[in-house]
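The values are calculated or read from the model by the stated rules, or taken from the named source; none is laboratory data. Everything numeric here is computed off the predicted structure, so don't read it as measured data. Cβ placement follows ideal geometry from the backbone for every residue including glycine, while neighbour counts extend to all protein chains displayed. Just the protein is used for accessible areas: all its heavy atoms, side chains included, with ligands, DNA and RNA removed. Shrake-Rupley method; radii C 1.70, N 1.55, O 1.52, S 1.80 Å.
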Amino acid sequence: MPLKWVFHWQPNAGTTVNSQMLTEVSQCAESINGVKEGRWKATLTFYKPMFRDQAVPAEYPRDFLGISLPEQPNRYYFIIRSQKIVLEADSSIQMIMEKLQSYKSRVSLTFEGFQYQLGDFQLRVGKVAPSASENLRGIVLEVEYLPLSSMEKSRQILDGFVEIWQEAMSKRSLPGHFMHIEPNFAEFGLSDHYTSQHTAVQYATVMAQLISAVQTAQAVRN
């Protein structure tokens, strides 16, 4: 599977993301000759246990994330960050979980936008919003290098592409920048050979960063 890096937009202190920023990022993809290919969408859900007595047995995780990815429509991914576990299941697991009522969806975030083809690279630019709302919570960028699936062999090429991208973005003078925080995939039992599980873990990391950014902004306002 082609390797990808997932970035999130880090706004400057005292600023928030807005739709104009998202438009500028999309225009940036087109300015470096990205060819718009259509829309994409991923959904990330935060699950909490549904124990009636509120006493969660020690062997049960207190919370975990579930994610559906556009490139794997028949699969569903679970990430338990506290225990460094990532699991892949059939997408029907969501219906089974609903019937079992052992864990309930607390928050769902939708990542959606446009994808662009640029030579050997595919870019996905998308907004982050709660599934039942249009309120913009963040911006994500996927950079996918299509020829290789080895993370080490791809790293230098991706670094070079990201330099070009950041230079193009800097001309727009937006109040913030894209950040890529690479998780320690080995902690999740994942190898150098890239899979959709790597993508799921990256989105879990992005979710944690978005929550942290919102909490920081709220603390500054208070």
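Odds and ends about this structure:
- Per residue, the solvent-accessible area of region 111-222 (1.4 Å probe, heavy atoms of protein chains only, all protein chains present) comes to 48 Å².
- When nucleic acids and ligands are ignored and a 1.4 Å probe is applied, residue 152 ends up with an accessible area of around 120 Å².
- Under 5 Å, built H, 5+ apart or other chain: amide partners of residue 37: 115, 116, 117
- In terms of accessible area, using a 1.4 Å probe and ignoring ligands and nucleic acids, 41, 104 rank largest first as 41, 104.
- For the chain, size of Cβ-based charge dipole, Lys and Arg +1, Asp and Glu -1, in debye: 720
- Selected from 133, 170, 91 as most flexible by GNM, with the chain as the system and alpha-carbon contacts under 10 Å: 133
- 27 Å Cα-Cα threshold exceeded, pairs from 4/41; 36/104; 48/153; 41/84: 36/104; 48/153
- Angle between the chain longest axis and helix 196-221 axis [Cα atoms, degrees, rounded to 10]: 90
- Solvent-accessible area of residue 35, all protein chains in place: 90 Å² (probe radius 1.4 Å, heavy atoms, ligands and nucleic acids excluded).
- Using the rule -39500 (n - 2.57) for each DSSP H run of four or more residues, divided by the residues of the chain, the 222 nm mean residue ellipticity is -10000 deg cm²/dmol.
- Accessible carbon and sulfur surface of the chain relative to its total accessible area, %, 1.4 Å: 50
- Amide H contacts of residue 104 (H built 1.01 Å from N, under 5 Å, at least 5 apart or other chain): 48, 50
- Residues whose amide H comes within less than 5 Å of that of residue 148, counting only those at least five positions distant or on another chain, are 3 (H built at 1.01 Å from N in the peptide plane).
- Residue 36 - accessible surface, heavy atoms, 1.4 Å probe, Å² rounded to 10: 100
- Were the residues from residue 84 through residue 33 laid out at 0.36 nm apart, the gain over their Cα-Cα distance would be 14.5 nm.
- Rg to Rh quotient for region 119-184, alpha carbon positions, Kirkwood Rh: 1.02
- Computed from backbone phi with θ = phi - 60° and the Karplus coefficients 6.51, -1.76 and 1.60, the 3J(HN,Hα) list for region 23-39 is 4, 5, 5, 4, 5, 5, 4, 6, 5, 9, 6, x, 9, 5, 10, x, 9 Hz; x is used for glycine and proline.
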